[in-house]
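The values are calculated or read from the model by the stated rules, or taken from the named source; none is laboratory data. Keep in mind that this is a model prediction, so the values were computed, not measured. Cβ placement follows ideal geometry from the backbone for every residue including glycine, while neighbour counts extend to all protein chains displayed.
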Amino acid sequence: MYHTIIIVGNLGRDPEQRYTPSGQAVTNFSVASNRTYTKDGQKTKKTTWFRVTVWGKQAESCNEYLQKGSKVLIEGRLNPDESGSPRIWNKQDGTPATSYEVTAREVKFLDSRGEASATDESDIPF
């Protein structure tokens, strides 16, 4: 089975990079994607958070060039938990929250400093 997700949003924090025991780079960051809609005559903004994992050379590029607030386009696949669902929990105020895990196949940098792309599909452990 094959599926793809495409996300456009902004980083919620600076990327965090590490290396596997075999020396492969892995970078993680969170992306907030917003949508605005009208409900009962009032504009409502809904934010969905995605936890993104990037592998290999593109992980190193993301760690070097991205920072909190950077605008990105992510193309990849969802990684549900063992039950096949996103991670769901209650915030401190008791409202429910959801987090989606994504493994990036391609990351495009969309900031006005110049559009760049980091891609190397051979580094992705699919």
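Within the set THR48, THR36, the sole residue that is under 12 Å from the mean Cα position of the chain (by Cα) and more than 16 Å from LEU66 (Cα to Cα) turns out to be THR48.
What number of residues within segment 89-102 are over 23 Å from THR4 (Cβ atoms) and of a type outside the set (Gly, Ala, Ser)? Residues meeting the conditions: 7. Taking residues in segment 19-39 that are over 19 Å from ALA59 (Cα atoms), and partners anywhere that are surrounded by 10 or more Cβ atoms within 10 Å (Cβ to Cβ) and modelled with pLDDT under 95, the pairs with Cβ atoms closer than 6 Å and at least 6 places apart or on different chains are SER33/THR48; ASN34/THR47; ARG35/LYS46; TYR37/THR44. Exactly one residue out of GLN67, GLN24, GLN42 is touching a helix residue (DSSP H, G or I) at 6+ places or on another chain (Cβ under 9 Å) and more than 15 Å from VAL102 (Cα to Cα): that is GLN24. The condition (being at pLDDT 85 or above, surrounded by 14 or more Cβ atoms within 10 Å (Cβ to Cβ), more than 19 Å from VAL8 (Cα to Cα) and out of contact with any helix residue (DSSP H, G or I) (no Cβ under 8 Å at 6 or more places or on another chain)) is satisfied by just one residue among GLU101, GLU60: GLU60. Take the conditions (1) modelled with pLDDT of 95 or more; (2) loosely packed, with under 11 Cβ neighbours inside 10 Å; GLU82 misses just one of them, which is (1).
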